[in-house]
Amino acid sequence: MAAPRVGVLALQGDVVEHVQALERAGAHVTEVRTPADLARVAALVVPGGESTTVIRLLERFGLTRPIVDRVRAGMPFWGTCMGMIVAAHDVADLAQPTLDLIDVTVRRNAFGRQVDSAEVELAIPALGGAPFPAVFIRAPWVERTGPAVETLAERDGHAVMVRQGSVLGTSFHPELTGDDRVHAYFLRMMAAA
Amino acid sequence: MNGQATGTETVKRGLAQMLKGGVIMDVVTVEQAKVAEEAGAVAVMALERIPADIRADGGVARMSHPALIERIMKSVTIPVMAKVRIGHIGEARQLQALGVDYIDESEVLTPADDLYHLDKAPYTVPFVCGARDLGEALRRIAEGAAMIRSKGEAGSGNIVEAVRHMRAIRDGIAELAAAPREELVARSRDLGAPLELVREIAANKKLPVVLFCAGGVSTPADAALMMELGAEGIFVGSGIFKSTNPAAFARAIVDATTHWQDADVVLKAHMSIPEQAKAMDGLDIRQLADHQLMASRGT
């Protein structure tokens with residue numbers, strides 16, 4: 001059986017790092033820049049980057065609607081940092097548009113500016129084994145979770161890894177660590193979808 | 001919570017990784033910062049004067065007033081960078097205390113130290129530095145730079161120096177990648193760069209930090225050209241706010257950087273700029289005297 005084809009949104013951000021991690025975890029990967037690219041993938045990862053920039057570019061290049069439609073129809077989706085902000089229901093204290101793919105409210109730069117960015121040993125029971133070396137960069141946290149949302153990890157009492165059905169969000173960047181357990185977890189979500 | 005570490009190499013290099021594929025724009029006011037954010041900039045560089053004006057005004061160019069930088073930090077949600085003079089420990093500590101997201105140790109300002117750059121590794125805030133070739137890039141990385149930009153010739157509106165520097169960096173990497181292992185010690189000596197980094201480049205065929213282009217980008221096609229030559233993103237200094245329609249130029253340069261591989265999108269981006277809007281005026285580099293060149297500051 002062919003390995004699943006995963007898309008990585010490639011408008012802006014740390015695209016290559018996700019592509020490499022997904023390939024190490026056994027996936028075939030396509031970079032997604034257009035609606036035609038999106039039609040060829042079975043799941044979508046939105047990398048780290050700048051959410052204000054990418055939300056504008058999604059709209060400008062006609063990707064917003066197709067992504068929302070595909071995810072609502074069950075396509076697995078994982079957003080890291082910027083990707084989780086893009087997927088959120090809303091952003092606390094900001095009138096920033098989002099795709100509303102997961103019923104959470106996120107707070108941007110919640111752990112501080114760049115001087116507060118940190119590497120943290122994070123307990124993630126769903127992954128089993130050792131703590132995860134989580135890299136937080138100007139990171140958001142999840143301020144509110146809807147009833148259907150499961151919190152998979154917390155840092156200092158704030159949700160930083162959340163899942164609702166086939167939609168996964170992380171405040172941190174597993175693609176920067178060389179530890180591919182979250183990527184493998186997402187591929188298992190795909191296989192089960 | 002146990003095991004939290006700030007200011008690590010991973011988080012400092014990591015922010016630059018998040019900026020890849022994006023455009024970082026020089027701004028001198030809150031209003032310009034908002035125009036940049038609206039156009040899709042991934043970060044802004046907060047300055048008192050853009051390079052074209054620094055060039056025109058002459059005199060000593062210093063770090064901007066921190067109150068201006070702070071106002072810009074409060075007005076946008078994207079990262080805010082600011083420049084310090086080469087080797088100016090006092091300015092760098094001040095900007096770290098202010099909490100800017102990146103410091104550019106920049107040849108665009110008048111150097112404070114004509115021999116040495118900052119020891120950047122101990123800072124919590126990450127630094128970006130300019131380079132004209134691989135040796136300069138590796139010396140800055142050895143000092144702790146977490147991001148490199150080709151220098152180009154700031155405020156010139158002329159892409160030729162950016163092209164020269166990007167090609168030099170790329171060719172330097174290609175030469176190391178092709179060199180037999182026994183040549184690497186001598187090449188490290190010739191490059192003036194640590195052997196450890198030289199070996200790392202030879203093995204990985206790329207810099208260990210993100211590489212942007214700077215100095216001379218003024219049209220969407222300029223941005224696409226630099227991405228084609230291996231830039232992972234674009235700094236635009238004077239090219240936007242010295243044009244006659246900054247919002248249109250800003251947006252078109254963002255679109256061209258995102259879709260640099262697709263000539264149709266780059267064309268459409270340029271078409272979106274009204275024909276009567278003028279790009280910034282350019283300078284012929286050959287008519288600048290040696291003392292007018294910024295790129296040769298700090299080697």
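Observations
- Hits in the range B:8-22 (condition: of a type in the set (G, A, S) and either open to solvent by 30 Å² or more (accessible area, probe 1.4 Å) or outside any loop (DSSP other than H, G, I, E, B) (or both)): B:G14, B:A16
- Taken over the range B:27-49, residues that are under 30 Å from B:W260 (Cα atoms), away from every other protein chain (no Cβ under 14 Å) and open to solvent by 10 Å² or more (accessible area, probe 1.4 Å) amount to 6.
- Test: residue in the range B:130-137 that is open to solvent by 30 Å² or more (accessible area, probe 1.4 Å), at pLDDT 95 or above and not basic (K, R): yes
- Any chance A:P76 is within 24 Å of A:V104 (Cα to Cα) and either open to solvent by less than 40 Å² (accessible area, probe 1.4 Å) or touching a helix residue (DSSP H, G or I) at 6+ places or on another chain (Cβ under 6 Å) (or both): yes
- Answer residue from the range B:104-155, given it is part of a helix (DSSP H, G or I) and within 22 Å of B:R62 (Cα to Cα) and is nearest to the chain's Cα centre (by Cα) among those: B:R140
- You will find that of B:A97, B:A168, the residue that is open to solvent by 10 Å² or more (accessible area, probe 1.4 Å), over 25 Å from B:D190 (Cβ atoms) and not aromatic (F, W, Y) is B:A97 and no other.
- Per-region count, the range A:1-47, residues away from chain B (no Cβ under 14 Å) and either buried (at least 17 other Cβ atoms within 10 Å of the Cβ) or modelled with pLDDT of 95 or more (or both): 19
- Helices (runs of 4 or more DSSP H) contained in the range B:185-281 and holding at least 2 residues among the polar types (S, T, N, Q) and crowded, with 20+ Cβ neighbours inside 10 Å: B:246-258
- From A:E119, A:E150, A:E143, A:E175, residue being in contact (Cβ under 8 Å) with a residue 12 or more places away in the chain and in contact with an Asp or Glu (Cβ under 7 Å, 6 or more places away or on another chain): A:E175
- Scanning the range A:96-129 for residues that are open to solvent by 30 Å² or more (accessible area, probe 1.4 Å), in a strand (DSSP E or B) and more than 7 Å from chain B (Cβ to nearest Cβ) returns A:D103, A:R107.
- When A:R181 is tested against (1) touching a residue at least 24 places away in the same chain (Cβ under 8 Å); (2) within 12 Å of another protein chain (Cβ to nearest Cβ); (3) not hydroxyl-bearing (S, T, Y), only condition (2) is not met.
- As for the range A:131-145, it holds at least one residue that is outside any strand (DSSP E or B) and over 25 Å from A:V32 (Cα atoms).
- Pairs where the first residue, in the range B:1-21, is facing chain A (nearest Cβ under 7 Å) and the second is outside any helix (DSSP H, G or I) and surrounded by fewer than 19 Cβ atoms within 10 Å (Cβ to Cβ), C-beta under 7 Å, 6+ apart: B:M1/A:D156; B:N2/A:E121; B:G3/A:E121; B:T6/B:T124
The values are calculated or read from the model by the stated rules, or taken from the named source; none is laboratory data. Being a predicted model, the structure only gives us computed values, none of them experimental. Using ideal geometry, Cβ is built from the backbone for each residue, glycine included, and neighbour counts are taken over all protein chains shown. For the accessible areas, the whole protein counts, side chains as well, though only heavy atoms, and no ligand, DNA or RNA atoms are used. Shrake-Rupley method; radii C 1.70, N 1.55, O 1.52, S 1.80 Å.
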